[in-house]
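Peer 1: One structure coming up, written as structure tokens, with questions to follow.
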Amino acid sequence: MRFELNVERGEILSLIGPSGAGKSTLLHLIAGFLRPEVGRIRVDGESIETLPSALRPVSMVFQQHNLFPHLDLYTNVGLGIDPAMKLTQSQQQDLCAAFERVGLHGLERRKPGEISGGQRQRVAIARALVRHRRVLLLDEAFAALGPALRQELIELVATLVREREMAALLVSHQPRDALIASKRAAFVQSGHILALDQTRHLLEASTLPEVRSYLGSI
């Protein structure tokens with residue numbers, strides 16, 4: 001596999017392509033779950049490919065929210081700041097602000113099983129926010145949600161990415177997600193970035209047979 005692309009601050013770049021094309025692999029390389037054999041991964045010009053995942057300026061939100069069912073939402077989010085939950089007053093305020101920002105104020109002491117799937121995904125987004133990382137990776141983060149809720153959360157994340165000047169990558173099998181989230185999108189095929197273009201042009205006007213075959217009649 002060989003990837004080459006740049007993502008700007010304040011941008012969500014969507015990655016589309018068939019299953020097994022390498023989209024999640026690219027995210028895992030950036031997050032540090034996989035190590036590249038060659039090449040560089042840079043954030044603001046700083047090479048991070050040799051750093052352990054915990055020290056990289058990266059947060060990741062998965063399709064499965066990875067919340068601890070026996071802990072309340074406040075603790076689940078707080079663990080993103082400090083696994084020992086020894087939070088400063090400033091960090092506690094930041095935690096409360098994150099719940100407010102994702103529309104969960106007042107639910108902090110509930111358990112994950114006491115809220116809806118969409119709300120659990122909001123908790124995962126709040127946990128990513130309090131980490132204050134420069135890069136946000138979204139791996140099918142909205143796949144389990146209905147169309148209306150998907151759009152609502154994608155628009156929320158897009159706003160947060162712009163406000164915080166993060167760089168974000170969104171993997172999705174739904175072309176509509178890319179249209180909502182991104183001005184630019186990349187088509188991944190067989191471990192390569194086969195095309196990188198304005199999202200609408202890539203989805204509606206690309207002449208590449210691989211893209212047309214993937215999209216079908218969409």
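Every read-out reported here was derived from the displayed coordinates using simple, explicitly stated rules and does not represent laboratory data. Please read all numbers here as calculations on a predicted model, not as lab measurements. We place every Cβ from the backbone using ideal geometry, glycine too, and count neighbours over all the protein chains shown.
Peer 1: Can you tell me how much longer the chain between His201 and His105 gets when fully stretched, taken as 0.36 nm per residue apart minus their C-alpha distance, in nm with one decimal?
Peer 2: Answer, rounded to one decimal: 30.6 nm.
Peer 1: Restricting to DSSP H runs of at least four residues, report the calculated mean residue ellipticity at 222 nm for the chain, -39500 (n - 2.57) per run over all residues, nearest 500 deg cm²/dmol. Spell out each step's value before the answer.
Peer 2: Numbers: 8 runs with 80 residues, N = 218.
Using -39500 (n - 2.57) per qualifying helix, the result is -11000 deg cm²/dmol.
Peer 1: Compare the peptides 36-45, 196-205 by average per-residue count of other Cβ atoms within 10 angstrom and give them in order, highest first.
Peer 2: Ranked by mean Cβ neighbours within 10 Å, highest first: 196-205, 36-45.
Peer 1: For the chain, what proportion of DSSP beta bridges, expressed in % and rounded to the nearest 5, is antiparallel?
Peer 2: Values: 8 of 28 bridges.
Rounded to the nearest five, the antiparallel share is 30 percent.
Peer 1: Residues with amide H under 5 Å of Val61's amide H, sequence separation 5 or more or different chain, H placed in the peptide plane at 1.01 Å from N; which?
Peer 2: Those qualifying (amide H under 5 Å, at least 5 residues apart or on another chain) are Leu137, Leu138, Asp139.
Peer 1: In addition: Could you tell me which of rounded, prolate or oblate describes segment 74-171, using a ≥ b ≥ c as the square roots of the eigenvalues of the alpha-carbon gyration tensor, with rounded for a/c under 1.5 and, failing that, prolate when a/b is larger than b/c and oblate otherwise?
Peer 2: Numbers: a/c = 1.85, a/b = 1.24, b/c = 1.50.
Verdict is oblate for segment 74-171.
Peer 1: Another question, then. Highest mean first, how do 73-80, 47-54 rank when packing is the count of other Cβ atoms within 10 Å averaged over residues?
Peer 2: 73-80, 47-54
Peer 1: Based on Cβ point charges of +1 for Lys and Arg and -1 for Asp and Glu, what charge dipole magnitude is obtained for the chain about its Cα centre, in debye rounded to the nearest 20?
Peer 2: That gives a dipole near 180 debye.
Peer 1: Output the peptides 114-126, 57-69 sorted from most to least packed, where packing is the average of other Cβ atoms within 10 Å over each peptide's residues.
Peer 2: 114-126, 57-69
Peer 1: Further question: Using label points projected 7 Å from each Cα along Cα→Cβ, tell me how many nm separate His192 and Arg40, to one decimal.
Peer 2: About 2.3 nm, to one decimal.
Peer 1: Once both axes come from the Cα atoms, what is the angle between helix 147-164 and the longest principal axis of the chain, in degrees from 0 to 90, rounded to 10?
Peer 2: For helix 147-164, the angle is close to 80 degrees.
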